[in-house]
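> Here it is: the structure, laid out below.
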Amino acid sequence: MAHINPRLTYQASKDEDTWHRRFKSKSIEIDYRWVHGLRVSPPVIADHEGEIVIVGGMHCYTLAHHYDATRTPL
């Protein structure tokens, strides 16, 4: 994860915290599934002109980054 974050495009990052009220319900849902070992859709990333774009799974990625995770349950 540490090697991905510096290359993220601005559009692939969030200005607010993972637990900001705008994202809280989605973060709670993913957090619950993760803690209980249930499947979580992994982030889908793509390289675009030397930067990384998150195509899907932004909430999962930001939670993984928040918890300094190295893996996500599949």
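> Looking at 61, 20, 50, which one has the Cα that reaches farthest to the positive end of the dipole of the stretch 5-66 (charges on Cβ: Lys, Arg +1; Asp, Glu -1)?
After comparing all options, I get 20.
> Looking at the square roots a ≥ b ≥ c of the eigenvalues of the Cα gyration tensor of the stretch 5-66, which shape do they give, rounded for a/c under 1.5, prolate if a/b is larger than b/c, or oblate?
Taking the square roots of the gyration eigenvalues as a ≥ b ≥ c, the stretch 5-66 is oblate.
Laboratory data are not the source of any read-out in this text; all were calculated from the coordinates shown. This is a predicted model, so every value here is computed, not measured. A quick note on method: Cβ atoms are made from the backbone with ideal geometry, for glycine too, and the neighbour counts reach across all protein chains shown.
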